[in-house]
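What follows draws every value from the coordinates through simple rules; no lab data is involved. Keep in mind that what you see is a predicted model, and the values were worked out from it rather than measured. Glycine also receives a Cβ, built like all others from the backbone with ideal geometry; neighbour counts cover every protein chain displayed.
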C-alpha cells in the first residue's frame, strides 16, 4: 500500500468513525426527545404536546402516593416536556 | 554582602510561609467549626411526638393532590375522579359535604386539576393545566379564566392570603430552571414577584428531589422557596417587597432509595437532601418546615436560630402536604379514604411547649 493510499484509508476510517459517532449520538439524544412528539403524530404543536405531557403527569400523580412517587412523576413529566421541544432538538443538531 | 543577601531571602520566605501557614490553620479552624452543621444522618430524638391527627373519612377511594379551606370547609382536589371533594366541619367533626365538578373539557369541568385555593370568602379557585376554574363555596361554576402567566406556566400551585391569589410554577431561563412566584392581578393576568433557582437544565447543579410545590400558605401572606437552601421568602398579602428568612439548619443525607441512582444530575438522588419539601407559616410568626431525613420519613420542625426544633415525625408516603389549616396525609382501606389532618394550631401548641 502506497503512502497516499494509506493516508486516504486513514482519513476514510476517521471519517467513518466520526459519522458513526454522530449517528449514535443523534440516536441517543433524539430518541427520547422525539418519542413523545412522535407518539402524538405529525403536525402536533408544542402546546398540544405540552398539554398531553401535563395530562400524562396528572395520570402519573393519580397513581402516586407520597413524596417520592410524585418526584418520579415530575421527572417523567420533565423528560416528556423535553420531548415536545423541537427547538431543543434543533439546538442540539449542530453538535452532531 | 551577597552572601548575607542570599541567606536573608530564604528567611523572608520562611517568615511569609509561616504567616500563610498560620492563616491556613486559621481558615481550617473556621471550616472545622462549621462541620457540626454539615451533612448528617438524622435520627429523631427519643420522645418526639408521632403523628396525632384528626381523621376525616371519605366513603370512596380518592387520589387527593391538594387541599385548601378554612375552619368550616375543606376542599380537596381528587386527581383520580378529577373533582373537588368538599368536607364540612360538623359537631362530630369533619364530614363529607359534597363532590363538585367532574372530569371533562366543558365549562366547570376539570382536565388535570392540580391545586386549589380559596381566592376569597366566596370563591374557590382550581388550577387546571393553564386555566383557573372558579367555583362558589357550594361548588357551582362561576367562570373559566385563562390568565396570561409568566413563561406560559402550566403546572401551577396556588395559595391565598387576605383575598389575594398567588401562584408558583417552574420557568426556564437559559440553563436554569427556576421556581417563580407570581400574584394574580385578575382573571386575565399575573405579575411575577420573585424567582428562585431549582436546578440547571444541563444537570450541572441541583436536583429534582426538592420541594414539590414552591409556594406555601402563611397566615401573614405566602411563603416561597424550593428547599435547596435553608431559607424561605415571605411576602405579605399586600406587600410588594418579599423578605427572605434563613436559619442555620443542618443538612441531612440519606441512603439512595430503589429506583434512583446516586451521583450528579438533576434526576439523581442528591448527596444533600432538600432542607424542606413543604412549609407553612402560622399567625404566631413561626415557620414550620417539613424536613425529609430518609426516602420515606420526615420531621416537622419549627424553624429557629437553634437549627430547628423537631416537633413531629411523619411519613412521606401518602402525604398530601401542608396548607393553611395544617398538614394532611391520606390512607386507603376497603374502598374508604381516610384523611389525617394535623391542624396548624396543634403544631403551634407543640412549638410553644418546647
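List the number of the failed condition for residue B:331; all other conditions in (1) part of a loop (DSSP other than H, G, I, E, B); (2) surrounded by fewer than 20 Cβ atoms within 10 Å (Cβ to Cβ); (3) within 14 Å of chain A (Cβ to nearest Cβ) hold.
Residue B:331 satisfies all of (1) part of a loop (DSSP other than H, G, I, E, B); (2) surrounded by fewer than 20 Cβ atoms within 10 Å (Cβ to Cβ); (3) within 14 Å of chain A (Cβ to nearest Cβ) except (1).
Would you say residue B:149 is over 20 Å from residue A:49 (Cα atoms) and either surrounded by 21 or more Cβ atoms within 10 Å (Cβ to Cβ) or in contact with a strand residue (DSSP E or B) (Cβ under 6 Å, 6 or more places away or on another chain) (or both)?
Against the criterion (over 20 Å from residue A:49 (Cα atoms) and either surrounded by 21 or more Cβ atoms within 10 Å (Cβ to Cβ) or in contact with a strand residue (DSSP E or B) (Cβ under 6 Å, 6 or more places away or on another chain) (or both)), residue B:149 does not qualify.
Which ones in region B:253-270 are touching a strand residue (DSSP E or B) at 6+ places or on another chain (Cβ under 7 Å) and away from chain A (no Cβ under 14 Å)?
B:253, B:262 - these are the residues of region B:253-270 that are touching a strand residue (DSSP E or B) at 6+ places or on another chain (Cβ under 7 Å) and away from chain A (no Cβ under 14 Å).
So, of the residues in region B:195-212 that are under 15 Å from the mean Cα position of the chain (by Cα) and assigned to a strand (DSSP E or B), which turns out to be surrounded by the most Cβ atoms within 10 Å (Cβ to Cβ)?
Among them, the one singled out is B:198.
Please specify each residue of region B:175-194 satisfying the condition of being surrounded by 19 or more Cβ atoms within 10 Å (Cβ to Cβ) and over 20 Å from residue A:77 (Cα atoms).
Hits for region B:175-194 are B:181, B:182, B:184, B:190, B:193.
Do we find that residue B:287 is within 14 Å of another protein chain (Cβ to nearest Cβ), crowded, with 20+ Cβ neighbours inside 10 Å and in contact (Cβ under 8 Å) with a residue 40 or more places away in the chain in this structure?
No, not satisfied.
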